[in-house]
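Have a look at the structure below, then the notes.
The values are calculated or read from the model by the stated rules, or taken from the named source; none is laboratory data. Just so you know, these numbers come straight off a predicted model, no measurement behind them. Positions of Cβ are backbone-derived with ideal geometry, glycine not excepted, and every protein chain shown enters the neighbour counts. Surface accessibility is based on the protein's heavy atoms, side chains included, excluding ligands, DNA and RNA. Shrake-Rupley method; radii C 1.70, N 1.55, O 1.52, S 1.80 Å.
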Amino acid sequence: MNITKLKDKVFSRAFFRGVIAISIFLIIWEVGARFESWYGYRVPWIGLIPAPSAVFESWGGLIGDPSYWMSWQMSFMRVLGGFFAAMILGIPFGLFMAVNRTFHDTAFPTFEILRPIPPLAWVPASIIFWPTAELSIAFVTFLGAFYTIVINVLGGAKSINKQYLQAAQSMGASQWDIFRRVVLPATLPSIVVGSAVGMGITWEVVVAAEMISGGGGSGGAGGGLGFFIWNSYVGGSYEQIVVGMISIGIAGYFSSEMLRNLGGFLTPWLKTR
Amino acid sequence: MNNASLQASEMTGMALTMYRISTWFKSPKPYLMLVGVGFLLAIWYLFVEVWQLPRFEDMPGLTEVVTEYFSPDPIYGLSVYTPEYYQHIGISLRRIAYAFFLATVLGVPLGLFLGWSKKFHEFIFPLFEVLRPIPILAWVPLAIIMFSGSETPVIFLTFLASFFATTLNTMLGVQSIDESYTRAARCLGANGWQTFRHVIVPGAMPYIFTGLQISIGVAWFSLVAGEMVSGQFGLGYVINTAYTMVTYPTIVIGMITLGVTGFITSTMVRMAGDFMMQWRVRELALGDN
Amino acid sequence: MSAAMNTDTNLQTNVTNVTKGAIRIEDVVKVYDPDGAAVMAVDHCSIDIPGGEICMIVGPSGCGKTTLLNAIAGFHGITSGEIYLDNELLCGPGKMQAEPGSDRIVVFQNGALFPWKSNLENVVFGPMMEGKLSKTVIYDKAIKMMADAGLGGTEHSFPGEVSSGLRRRVEIVRALMLEPKVLLFDEPYRALDSLTKSVMHEALLDIYYKNKVTIFFITHDLEEAIFLGHRLIIMSSRPCKPKKIVEVDIPHPRDYSVLTSPRFRELMEEAKGVVNEEAKKAFEAGEKEG
């Protein structure tokens with residue numbers, strides 16, 4: 001993307017409109033939070049939370065603090081670990097179900113019965129089962145992403161245009177060839193979409209698990225941004241809560257973007273039209 | 001059209017459902033399904049109770065759970081015979097109902113406008129996208145600080161999750177409507193509002209309902225998390241308490257109940273969608289032509 | 001369904017008695033993305049279409065025919081030139097994009113009947129939105145027009161339940177309810193098999209004989225063009241510009257026997273050479289269909 005195009009995009013009317021809305025939001029927040037100290041009247045809800053300016057100040061202090069960045073690292077590692085485990089197991093599982101009718105009819109109902117159980121409901125069972133708290137978090141994280149990826153892979157594989165398969169067959173391709181050269185690439189876009197959504201879910205689960213195992217007193221793993229937030233709450237430093245929230249938001253957005261770019265790289269044919 | 005699909009095209013409602021069920025039973029599907037589920041249960045039984053494999057020995061076993069679940073006087077207090085069981089279910093369902101209803105009422109119109117008006121989208125969507133990546137549970141402390149009591153924060157969290165999912169999917173739905181439809185409407189003399197009412201809203205309906213199914217799943221997810229952390233009563237609370245009180249079979253009972261209620265509510269949403277979009281049901285039943 | 005053998009002299013003299021719906025395209029240029037890729041789709045195109053004529057626009061895929069149609073319909077603007085409808089400016093200097101309106105209605109390539117409304121509800125859509133007539137009047141007219149077009153009995157079905165051929169006809173009736181001056185067809189029968197197509201053609205002519213409108217019909221099917229049209233305008237490959245005009249002097253009303261008449265074959269020969277030449281150019285340039 002050349003510089004002029006980038007400049008056009010950044011200074012476009014659309015961009016400014018977005019900025020305006022966000023600014024208004026921040027202003028209302030700031031005024032609402034500070035109102036009590038200015039005029040003595042506590043605005044409901046907003047009046048109870050720290051103001052953006054205080055949050056920003058707090059953040060400035062945290063940037064120099066290594067333990068803050070440690071939290072980032074721990075959360076990221078859990079997310080990536082669980083996510084990749086889910087991909088490695090989920091993609092083949094989904095593809096196999098799409099390709100083999102019998103396996104699908106056997107495994108899918110069981111899968112669908114287990115799916116509505118929220119991953120977090122697995123936390124206690126997971127903690128009992130796995131030897132370390134870290135593994136129990138990893139398992140729950142894995143579950144969260146696993147369901148999404150499998151569903152998306154299945155959906156993608158099922159909607160492959162039959163004619164692609166028939167074309168390959170008529171050209172004399174073996175079963176394995178068809179799988180490798182037709183089914184796999186054709187499902188790739190769905191895998192990418194599933195991954196992006198799964199990544200979001202993974203973050204939700206990691207943060208939840210960190211808060212629960214750290215905050216619920218079940219003797220868990222320390223660290224991570226979720227734990228950071230919970231700790232800040234318990235410790236009474238409310239500005240840090242918001243810092244933590246924003247940090248996770250950024251981290252989550254960043255990882256989804258990276259995934260989308262990676263996906264774009266793997267599926268260049270989608271960029272045309 | 002062969003005989004079977006000819007009949008199908010003339011059936012509606014109940015008859016169509018019965019027809020679909022009967023064909024399903026004639027296929028190998030139900031039996032394979034039983035094999036799959038049976039396999040899972042068998043593994044559970046064998047690993048925990050019969051062979052007592054290393055990591056599995058502390059887990060509640062199949063027989064233990066089943067006896068507890070169906071016993072009139074359960075050891076740990078919850079079974080299909082105890083009123084508390086249904087109270088917990090009821091409370092969770094009530095919270096879901098409030099949160100989901102509010103999220104739908106606010107999210108669908110917001111999503112529709114975000115998709116329909118470019119101007120509105122330019123203003124509001126960036127703000128929306130900045131707030132959306134923040135995981136729902138990260139809101140817990142803030143929710144506790146902002147709202148008094150223990151009910152409201154939980155409902156708020158559930159609402160938030162559901163709201164984001166509904167709005168986003170509705171917006172994407174509007175954007176997915178084939179532009180030929182809006183163009184045709186304009187040719188036929190419809191003004192902006194008429195196009196919105198007669199084309200955008202019905203056209204986005206299928207996507208809205210898919211979004212609502214996702215949304216209710218997300219709602220359950222958040223509800224359980226919220227209940228585990230800050231609620232009293234409710235299924236999430238049941239599971240968490242069972243864990244801390246070391247009454248493990250109840251954990252499984254809680255999980256199973258969650259699975260079943262989650263599935264039922266999701267199906268209810270889908271059925272509501274089918275009911276409201278008769279045209280789509282019939283179109284799908286007949287396949288592409 | 002064969003065309004009514006009408007001996008009304010009005011129909012036989014092609015178009016001189018009908019004054020409404022005349023389209024004049026004057027030196028129109030359309031360039032997409034002028035600051036970026038600058039793709040010229042339409043290159044100084046001028047066409048005069050008298051009111052009531054069936055004008056067939058023939059050309060290879062992707063040459064820009066749809067762009068012209070969209071400009072007339074008002075879905076996007078033109079870069080320069082003017083388009084007039086009955087001497088009123090649709091778009092031109094000072095107003096580069098026309099407004100879509102019920103005097104020029106499009107019948108879309110993949111059909112744009114609203115799937116969530118029944119066929120009848122679709123047909124009454126235009127007048128209902130206009131709000132000038134009472135509901136009963138509108139519905140009565142719709143039912144009558146559908147019956148006239150051979151669609152009686154399908155009123156309460158949904159578009160998704162009936163065949164695509166039938167859907168096209170409902171869409172045409174929907175357009176005619178508003179008594180437009182011009183019907184714009186964007187390769188409407190492209191996706192139909194040739195058997196259904198011939199039925200559609202006769203149905204369209206039948207409808208045309210009962211409702212005189214100007215028809216601007218885009219196709220790449222020569223047989224369809226000669227069978228239906230008063231005139232063929234053969235376009236060059238992108239950027240599109242009229243290359244050759246073929247007058248089809250086979251008298252209306254026509255029926256399928258026309259297809260085997262010697263005059264038909266002669267016209268095919270005349271047109272084919274030019275069309276093939278342009279098609280080859282488009283093929284070699286690797287043009288994507290619009």
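Okay, here's what the table says:
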| quantity | calculated |
| --- | --- |
| Test: residue in the range A:58-74 that is more than 30 Å from A:Ala133 (Cα to Cα), open to solvent by 40 Å² or more (accessible area, probe 1.4 Å) and either charged (D, E, K, R) or at pLDDT 80 or above (or both) | yes |
| Residue list for the range A:38-55, restricted to those being part of a loop (DSSP other than H, G, I, E, B) and in contact (Cβ under 8 Å) with a residue 24 or more places away in the chain | A:Ile49, A:Pro50 |
| Count of residues meeting criterion [at positive phi and free of Cβ contacts under 8 Å to residues at least 60 places away in the same chain] in the range B:202-250 | 1 |
| Any hit, the range B:120-136, residues being more than 25 Å from A:Ile24 (Cβ to Cβ) and in contact (Cβ under 8 Å) with a residue 40 or more places away in the chain | no |
| Residue count, the range A:112-127 (criterion: among the aliphatic types (A, V, I, L, M) and open to solvent by 20 Å² or more (accessible area, probe 1.4 Å)) | 3 |
| Count of the range C:186-201 residues which are over 22 Å from C:Glu155 (Cβ atoms) and open to solvent by 10 Å² or more (accessible area, probe 1.4 Å) | 11 |
| So B:Leu157, is it touching a residue at least 24 places away in the same chain (Cβ under 8 Å), open to solvent by less than 10 Å² (accessible area, probe 1.4 Å), within 14 Å of chain A (Cβ to nearest Cβ) and in a helix (DSSP H, G or I) | yes |
| Number of the exception - C:Tyr139 against (1) aromatic (Phe, Trp, Tyr); (2) closer than 21 Å to B:Ile200 by Cα; (3) modelled with pLDDT of 90 or more | (2) |
| Single unsatisfied condition, C:Ile49 versus (1) out of contact with any helix residue (DSSP H, G or I) (no Cβ under 8 Å at 6 or more places or on another chain); (2) over 30 Å from C:Pro127 (Cβ atoms) | (2) |
| Checking B:Leu112 against (1) in a helix (DSSP H, G or I); (2) closer than 26 Å to B:Ile264 by Cα; (3) not small (Gly, Ala, Ser), the condition it does not meet | (2) |
| Count of residues meeting criterion [at the interface with chain B (Cβ under 8 Å from one of its Cβ atoms), out of contact with any Gly (no Cβ under 8 Å at 6 or more places or on another chain) and among the aromatic types (Phe, Trp, Tyr)] in the range C:99-143 | 2 |
| Check on B:Ile144, within 11 Å of chain A (Cβ to nearest Cβ) and under 26 Å from the mean Cα position of the chain (by Cα) | yes |
| In the range A:78-111, the residues that are among the polar types (S, T, N, Q) and open to solvent by less than 40 Å² (accessible area, probe 1.4 Å) | A:Thr106, A:Thr110 |
| Of the criteria (1) under 21 Å from C:Thr66 (Cβ atoms); (2) open to solvent by 90 Å² or more (accessible area, probe 1.4 Å); (3) touching a residue at least 60 places away in the same chain (Cβ under 8 Å), which one C:Ala279 fails | (2) |
| Total residues in the range C:213-271, condition charged (D, E, K, R) and closer than 17 Å to C:Glu53 by Cα | 5 |
| Conditions (1) modelled with pLDDT of 80 or more; (2) over 26 Å from A:Glu210 (Cα atoms); (3) within 12 Å of chain B (Cβ to nearest Cβ); number of the one not met by A:Leu135 | (2) |
| Strands (runs of 3 or more DSSP E) enclosed by the range C:75-124 - at least 3 residues per element that are hydrophobic (A, V, I, L, M, F, W, C), open to solvent by 10 Å² or more (accessible area, probe 1.4 Å) and closer than 23 Å to C:Ala147 by Cβ | none |
| Total residues in the range C:144-186, condition within 13 Å of another protein chain (Cβ to nearest Cβ), farther than 24 Å from B:Met277 by Cβ and in a loop (DSSP other than H, G, I, E, B) | 5 |
| Residue that is most open to solvent (accessible area, probe 1.4 Å) [pool: residues in the range A:226-239 that are more than 10 Å from every other protein chain (Cβ to nearest Cβ) and within 20 Å of A:Ser53 (Cβ to Cβ)] | A:Glu239 |
| Residue satisfying all of: in the range C:147-185; more than 14 Å from C:Ile105 (Cα to Cα) and in contact with a Gly (Cβ under 7 Å, 6 or more places away or on another chain); surrounded by the fewest Cβ atoms within 10 Å (Cβ to Cβ) among these | C:Ser164 |
| Candidates B:Glu68, B:Glu49, filtered to the one that is buried (at least 16 other Cβ atoms within 10 Å of the Cβ), among the acidic types (Asp, Glu) and farther than 17 Å from A:Phe129 by Cα | B:Glu68 |
| Condition check for B:Ile239: assigned to a helix (DSSP H, G or I), open to solvent by 10 Å² or more (accessible area, probe 1.4 Å) and within 10 Å of chain A (Cβ to nearest Cβ) | no |
| Test: residue in the range B:71-93 that is over 26 Å from the mean Cα position of the chain (by Cα) and crowded, with 20+ Cβ neighbours inside 10 Å | yes |
| Tally of residues being aromatic (Phe, Trp, Tyr) and either under 22 Å from C:Gly59 (Cα atoms) or without any contact (Cβ under 8 Å) to a residue 24 or more places away in the chain (or both) across the range C:198-229 | 3 |
| Test for B:Pro133: is it within 10 Å of another protein chain (Cβ to nearest Cβ), touching a helix residue (DSSP H, G or I) at 6+ places or on another chain (Cβ under 7 Å), open to solvent by 20 Å² or more (accessible area, probe 1.4 Å) and not in a helix (DSSP H, G or I) | yes |
| Where a residue in the range B:51-71 is within 14 Å of chain A (Cβ to nearest Cβ) and its partner, wherever it lies, is in a helix (DSSP H, G or I) and among the acidic types (Asp, Glu), with Cβ under 6 Å and at least six apart | B:Gly61/B:Glu49 |
| Among (1) open to solvent by 40 Å² or more (accessible area, probe 1.4 Å); (2) assigned to a helix (DSSP H, G or I) - the single one B:Val246 does not satisfy | (2) |
| Test: residue in the range B:275-288 that is away from chain C (no Cβ under 14 Å) and part of a helix (DSSP H, G or I) | no |
| Any hit, the range B:213-231, residues being within 14 Å of chain C (Cβ to nearest Cβ), open to solvent by 10 Å² or more (accessible area, probe 1.4 Å), of a type in the set (Val, Ile, Thr) and in a helix (DSSP H, G or I) | no |
| Residue check for A:Ala167: modelled with pLDDT of 80 or more and farther than 18 Å from A:Thr202 by Cβ | yes |
